[in-house]
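Beneath this line is the structure, given in structure tokens, with notes to follow.
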Amino acid sequence: MMRLFLTGSPGVGKTTLIRVVIARLEEVTCAGFYTEEKRQRGQRVGFRIVTLSGREGTLASVGRKEPTLGRYSIHVEEFERMALPDLDPGTTPAELYVIDEIGKMELLSREFRSRIIDLLAQPTNLLATIAKKGKGFIEQIKDRNDIELVEVTRKNRDQLPDEIEHKIKTELGKL
């Protein structure tokens, strides 16, 4: 069982790393999601969720509609509708579950929090990103002894795709 959690400062390249690795895992059945910035005229106006099954939705947009985090309104129900089905082994069996990211916005969803706990309670392989800073749930996940935590930095981010791809394929017997 492989549980690889990537952490690092915002903007260091965690999502890019996840996307590069997933693209290389053609022979591995992956399910889950990644998030990406939504930009208008060079300004960040929110975040989109993209599932590996090809659906897209809004995680956050500039606004004051509760719940909010900073200047963003978090679209908890839409996030749950998009992300949760792909993280359910009963509904969507996969060899590797991909979660980008376990962070403050996503954790406004109690259902998402519960799904992570469920995935960790089962013999699932996980590739996830997790906020570098954060107390409570984020700290609890990072303190688990059944996960491997790797910090993505500007120095190591270019070699990590090869290392992570090799680790996943070795673990899943796909080399």
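Tell me the residue from T91, T124 that is among the β-branched types (V, I, T), assigned to a loop (DSSP other than H, G, I, E, B) and either touching a Gly at 6+ places or on another chain (Cβ under 7 Å) or surrounded by fewer than 16 Cβ atoms within 10 Å (Cβ to Cβ) (or both), please.
Values: T124 fails: either touching a Gly at 6+ places or on another chain (Cβ under 7 Å) or surrounded by fewer than 16 Cβ atoms within 10 Å (Cβ to Cβ) (or both).
Testing whether each residue is among the β-branched types (V, I, T), assigned to a loop (DSSP other than H, G, I, E, B) and either touching a Gly at 6+ places or on another chain (Cβ under 7 Å) or surrounded by fewer than 16 Cβ atoms within 10 Å (Cβ to Cβ) (or both) leaves just T91.
Go through the range 3-35 and count every residue that is outside any helix (DSSP H, G or I), crowded, with 16+ Cβ neighbours inside 10 Å and either over 14 Å from the mean Cα position of the chain (by Cα) or not hydroxyl-bearing (S, T, Y) (or both).
Step one: filter the range 3-35 for residues outside any helix (DSSP H, G or I), giving 3-13, 25-35.
Adding the requirement that they be crowded, with 16+ Cβ neighbours inside 10 Å leaves 3-8, 12-13, 25, 28, 30-35.
Remaining after also requiring either over 14 Å from the mean Cα position of the chain (by Cα) or not hydroxyl-bearing (S, T, Y) (or both): 3-6, 8, 12-13, 25, 28, 30-33.
Here the count works out to 13.
Look at L149 and say whether it is surrounded by fewer than 17 Cβ atoms within 10 Å (Cβ to Cβ), more than 15 Å from T15 (Cα to Cα) and at pLDDT below 95. Don't jump to the end; show me each part of the working.
Numbers: surrounded by fewer than 17 Cβ atoms within 10 Å (Cβ to Cβ): yes; more than 15 Å from T15 (Cα to Cα): yes; at pLDDT below 95: no.
In short, no.
From the list S109, S53, which residue is over 28 Å from K167 (Cβ atoms), touching an Asp or Glu at 6+ places or on another chain (Cβ under 8 Å) and free of Cβ contacts under 8 Å to residues at least 60 places away in the same chain? Show your work before the answer.
Values: S53 fails: over 28 Å from K167 (Cβ atoms).
Sole residue among the options that is over 28 Å from K167 (Cβ atoms), touching an Asp or Glu at 6+ places or on another chain (Cβ under 8 Å) and free of Cβ contacts under 8 Å to residues at least 60 places away in the same chain: S109.
Return the residues of the range 56-88 that are acidic (D, E) and either assigned to a helix (DSSP H, G or I) or over 17 Å from T15 (Cβ atoms) (or both); say none if nothing qualifies. Steps first, answer last, please.
Taking the range 56-88 first, the residues acidic (D, E) are 56, 66, 77-78, 80, 86, 88.
Once the filter is applied, which keeps residues that are acidic (D, E) and either assigned to a helix (DSSP H, G or I) or over 17 Å from T15 (Cβ atoms) (or both), the range 56-88 yields E66, E77, E78, E80, D86, D88.
Only one of these is over 20 Å from L107 (Cα atoms), out of contact with any helix residue (DSSP H, G or I) (no Cβ under 9 Å at 6 or more places or on another chain) and either of a type in the set (K, R) or surrounded by 15 or more Cβ atoms within 10 Å (Cβ to Cβ) (or both): K155, K142, K174, K135. Name it.
Working: K142 fails: over 20 Å from L107 (Cα atoms); K174 fails: out of contact with any helix residue (DSSP H, G or I) (no Cβ under 9 Å at 6 or more places or on another chain); K135 fails: over 20 Å from L107 (Cα atoms).
Just a single option satisfies the conditions, and that option is K155.
The values are calculated or read from the model by the stated rules, or taken from the named source; none is laboratory data. Remember, predicted model here, so these are calculated numbers, not experimental data. Cβ sites come from the backbone with ideal geometry, for glycine too, and all protein chains shown count toward neighbours.
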